[in-house]
Amino acid sequence: MVMSMKGVAMFRTLKAEEIECRIQSVKDDGLILLLYKDARCDMNILDETVGPLLWKREHSRDNANCIVSIYNKDLGEWISKEDTGTESNTEKEKGLASDSFKRACVNWGIGRELYTSPFIWITPDGYTKTKDGRVFDRFYVSEIGYDEDRNIDKLAIKNSKTKKVVFTYGISTVKGYPSRDEMLNLARQKYPNDELMQKLLDSFKVEKLEDATDAQLMEIWKKYRG
């Protein structure tokens with residue numbers, strides 16, 4: 001267990017398999033994904049880091065608030081942090097308790113790095129949409145990495161059914177992927193004149209090629225280098 005200067009536990013960053021993906025919204029030209037953790041992940045990391053007998057949770061206001069306390073052996077007392085949750089669409093009471101617990105754990109630093117996630121935009125070729133516009137595909141994090149400040153600097157997401165990579169970020173550091181410079185150079189080679197390049201930029205909705213996302217550049221790479 002890594003300890004801070006004051007003896008309070010510092011929790012590790014989340015592993016890829018501990019992170020869940022949720023569809024926030026579906027649009028005509030793609031969908032937005034969010035990263036999150038579940039309550040079991042928090043409990044496992046608390047058990048792993050401080051031990052199952054040295055932390056506790058308490059709820060108040062009909063589960064709207066949760067206090068997560070950790071016993072500090074050096075001080076001989078419980079240190080507590082509290083937060084408020086929101087109801088889920090199903091099992092409201094249970095969902096409220098779970099959400100307030102997860103938020104309280106973020107106050108301790110568990111999963112706080114998820115707030116540094118890049119904007120995750122999945123293009124239509126990465127999923128199947130029904131005639132009424134719904135998407136039932138599931139996604140998972142296949143690769144993740146962090147910099148020295150615990151910010152996400154590497155991320156790869158796959159479609160659970162097809163196992164296809166549908167989003168990448170910082171992929172120059174992901175084994176088996178081309179670097180961003182390689183993808184930019186290929187795009188310049190395949191769209192050599194102003195007219196072709198402008199059509200590409202319009203399709204990406206950017207003003208210059210350097211503003212394209214890794215996922216957009218990967219589309220070009222797969223098209224020509226597949």
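Are there any pairs, at least 6 apart or on different chains, whose C-beta atoms fall under 8 Å, with the first in region 114-130 and among the basic types (K, R) and the second open to solvent by 20 Å² or more (accessible area, probe 1.4 Å), and if so, which?
Within 8 Å, the pairs are K129/V26; K129/V135.
Any residue in region 144-171 that is farther than 19 Å from Q216 by Cα sitting within a Cβ distance under 7 Å of a residue that is open to solvent by 60 Å² or more (accessible area, probe 1.4 Å)? List the pairs, counting only those 6 or more apart or interchain.
Note: pairs meeting the criteria are G145/D153; G145/T173; Y146/D153; D147/D153; S160/R138; S160/Y140.
Out of the residues in region 1-26 that are among the basic types (K, R) and over 18 Å from A156 (Cα atoms), state the one that is modelled with the lowest pLDDT.
Once the filter is applied, the top-ranked residue is K6.
Can you name the residue in region 112-142 that is of a type in the set (D, E, K, R) and in a helix (DSSP H, G or I) and is also farthest from V165 (Cα to Cα) among such residues?
R112
Would you pick out the residues in region 182-192 that are open to solvent by less than 90 Å² (accessible area, probe 1.4 Å) and in a loop (DSSP other than H, G, I, E, B)?
Y191
Hey, which of the strands (runs of 3 or more DSSP E) in region 11-111, taking only ones fully inside, have at least 1 residues that are open to solvent by less than 20 Å² (accessible area, probe 1.4 Å) and on the phi > 0 side of the Ramachandran plot?
The strands (runs of 3 or more DSSP E) meeting that bar are 30-36.
Limited to region 178-205, what total is found for residues that are free of Cβ contacts under 8 Å to residues at least 40 places away in the same chain and within 12 Å of W221 (Cα to Cα)?
Looking only at that region, the number is 12.
Might you check whether a residue that is under 22 Å from V166 (Cβ atoms) and in contact with a strand residue (DSSP E or B) (Cβ under 8 Å, 6 or more places away or on another chain) occurs anywhere in region 199-206?
Scanning region 199-206 turns up no residue that is under 22 Å from V166 (Cβ atoms) and in contact with a strand residue (DSSP E or B) (Cβ under 8 Å, 6 or more places away or on another chain).
Among the residues of region 193-214, is there at least one that is open to solvent by 60 Å² or more (accessible area, probe 1.4 Å), assigned to a helix (DSSP H, G or I) and within 29 Å of R112 (Cβ to Cβ)?
Yes, region 193-214 contains a residue that is open to solvent by 60 Å² or more (accessible area, probe 1.4 Å), assigned to a helix (DSSP H, G or I) and within 29 Å of R112 (Cβ to Cβ).
The values are calculated or read from the model by the stated rules, or taken from the named source; none is laboratory data. These figures come from a predicted structure and were not determined experimentally. Note: ideal-geometry Cβ built from the backbone for every residue, glycine included; neighbour counts use all protein chains shown. The protein model used for the area step is the full one, side chains on, heavy atoms only, and it has no ligands, DNA or RNA in it. Shrake-Rupley method; radii C 1.70, N 1.55, O 1.52, S 1.80 Å.
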